[in-house]
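Input: a single structure, listed below in C-alpha cells.
Every number in this text was worked out from the coordinates using simple rules, so none of it is lab data. What you are looking at is a predicted structure, and each value in this text was computed from that prediction instead of being measured. Note that each Cβ is placed from the backbone with ideal geometry, even for glycine, and that neighbours are counted across all protein chains shown.
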Amino acid sequence: MEAQPDQAVMLAVRDGDVEQIGVLFERHHRMLFNFFLRLTANRGLSEDLVQDVFFRMLKYRQTFQAGTNFTSWMYQIARNAHIDQARKRRLEVVPDDEAAWDSVASAEADPQERLEQAQEIRLLRRALDRLPLEKREVLVLSRFQNLKYSEIAEVLGCEVGAVKVRVFRAVRELGQIFLELSGEKAS
Amino acid sequence: MNCDDVRDQLPDYWTGAMDEAAKSAMQSHFASCAACRAESETLGAIWKKLGAIPEERPSRALRARFEATLEAYVQGLRQAERGPSTREKLDKWLVGWWPREPVFQFGFAMAFLAIGLLVGYSLTRNTQDSGEVARLREEVQHTRELVALSLLQEQSASERLKGVDWSIRVPQPDPQVLSALLRTVDYDQNVNVRLAALDALHSSASNEMVRQGLLQSLQRQTSPLVQIALIDLLVDIRDKDAANSLKGLAQESGVNPEVRVRADWALRQLQ
C-alpha cells in the first residue's frame, strides 16, 4: 500500500480520525525537533515544543483546508509555538551548553580532520546562536528543514523575493559572526 | 544582470534551484565582477559548512509522552462526543415537565421559590445550632455581662442605669450579675437605679437566690416607690413566703400609708 501524502492524512485527522496524527508524528517529529533545537539550543525545551505542535494541530485541525500545503501549515504552527514559548519565558534563546549537541562529527574522517571539523561545527553553532532570531529562523527553514522558498514565504507570510533577500542577509551576517569567532579563536 | 540581481539569486544558486541559463548568467557576471565573485565564494562556503551540522535525535521519552497524551486526548474527545447526547436527553426530559401555559409557568416558579425559601430557612436554622454560632453567642453574653457589671460600679447614676439596661440584654444572667443587681436594689443611692434593677430582676425572679434576696430586700427598703414595686413583683411571682414580711409591713406604723395599703392588698392577693 502506498503511503498517503501528509495532506490526505491531515484531512483524515480533521474529519475525525484523530489517531492518524500518529502517522504525521512519525514522519515529522525529528525534523521539528531539529528545527526547535537550532532555534533554542535546548533539548528539553525542543521536545516540549514538538509535543506542543502536534497538539496544536489537533486543536486547530478544523482550520486545515483541502489544498493547504501541509509543510507550510505545520511550520506556521511550529513558529507560533516557539514565539509563544519565547514570550512566556521573555527570552529569545534559552542558551544551553554544548551538551545539547551530542553527535559532533562524521565518523569516517581521520582523527585530525575530525577534530578540525568538530571545532568548525562548534563555531558555526555558536555563530548561529548569536544570529538574531528572525534571521536564524529563515536560515534554519531554508538550509536545514529543506523548505522551498515558496513554502517559507507562506510560513512567514511574505513574498518569495523577500525570503531570498532575508536568506542572503542571514548568511552574510552568519559569515561575519563566524569570521569574528574564528578570529577570537585564532588570536 | 547587475550586482543586486545576483545577490537576490545567490540563495537559489547555492541550493541549485536554478536553471542552466540563469546559472550561466550568474557565472558570466562573476567573471567580470570580482566583488560578487568573492562574496559568492565566502557565503557559499558558509552555506556549505552549515550542511555539516548533523541532525540530532530526540530522546525516546518524546514518543512515549506523545502517545500517552494522544491517548488521553482521544479518550477525552470520545467522552465529549457522548456528553451532548445524554445532555440532550436530559434537556428533552426537562422540557417535558415545563408547562406551556404562562399561568402554570408562574405557578411552577412560585412553587420552586417556596421550596427554596423553606430549604434556606431550615438550613440557616441548622447552622445556628452549630458549635461556632453557639460559641459566638456565649462570647457575646459574656461581654454583655462584663459591661453590665462594670457599669453597675460607676459613680454616675445614669451609667449605673445603663448597666442595668445591659444586664437585661443577657438572656440568662449568671449569679454574679444577679447578685450585683440585688446589691443595686438594696444599696444604690438612686431610687431610679434601684427601680430599674428591680425590673431587670423580674425575669429571673424564679431563681431561688433572687427570690430570697428580694424577700430580704423588702425589709430593708425605705423608699415607698421601691417598696411598692417590690410588693407588686412578689405578687406577680406569687411568692407565698412573702406573707410574713408583708404582714409586718402592713402593720408597722413608721411605714408610708400607701405602702401599708399596698401590702394589705398584696396579702389578699397571695391568699
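Summary table
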| quantity | calculated |
| --- | --- |
| Convex hull volume per residue for the protein assembly as shown, taking Cα atoms only, in Å³ | 383 |
| Cα-based helix-to-principal-axis angle, A:111-130 vs chain A, degrees rounded to 10 | 60 |
| FRET E, pair B:LEU113, B:LYS92, Förster distance 25 Å, beta-carbon r, rounded to 0.05 | 0.50 |
| Neighbour-count order for A:THR71, A:THR63, fewest beta carbons within 10 angstrom listed first | A:THR63, A:THR71 |
| On Cα atoms only, tilt of B:102-129 relative to the major axis of chain B in degrees | 70 |
| Rg(Cα)/(2.2 N^0.38 Å) for region A:108-187, N = residue count | 1.28 |
| Length-normalised contact order for chain B - Cα pairs under 8 Å, 6+ apart - percent | 8 |
| C-alpha long axis of helix B:20-32 to longest principal axis of chain B, angle in ° | 80 |
| Hydrodynamic radius (Kirkwood) for region B:151-271, which is based on Cα pairs only, to one decimal in Å | 14.4 |
| Cβ-Cβ FRET estimate between B:ARG37 and A:LEU181, R0 fixed at 22 Å, reported to 0.05 | 0.35 |
| Cα-Cα separations in chain B greater than 27 Å, expressed as whole percent | 72 |
| Additional length obtainable on full extension of the chain from B:ASP264 to B:ILE237, 0.36 nm per residue less Cα span | 8.0 nm |
| Total lysine pairs under 22 Å (Cα atoms) in the protein assembly as shown, excluding pairs fewer than 8 apart on one chain | 17 |
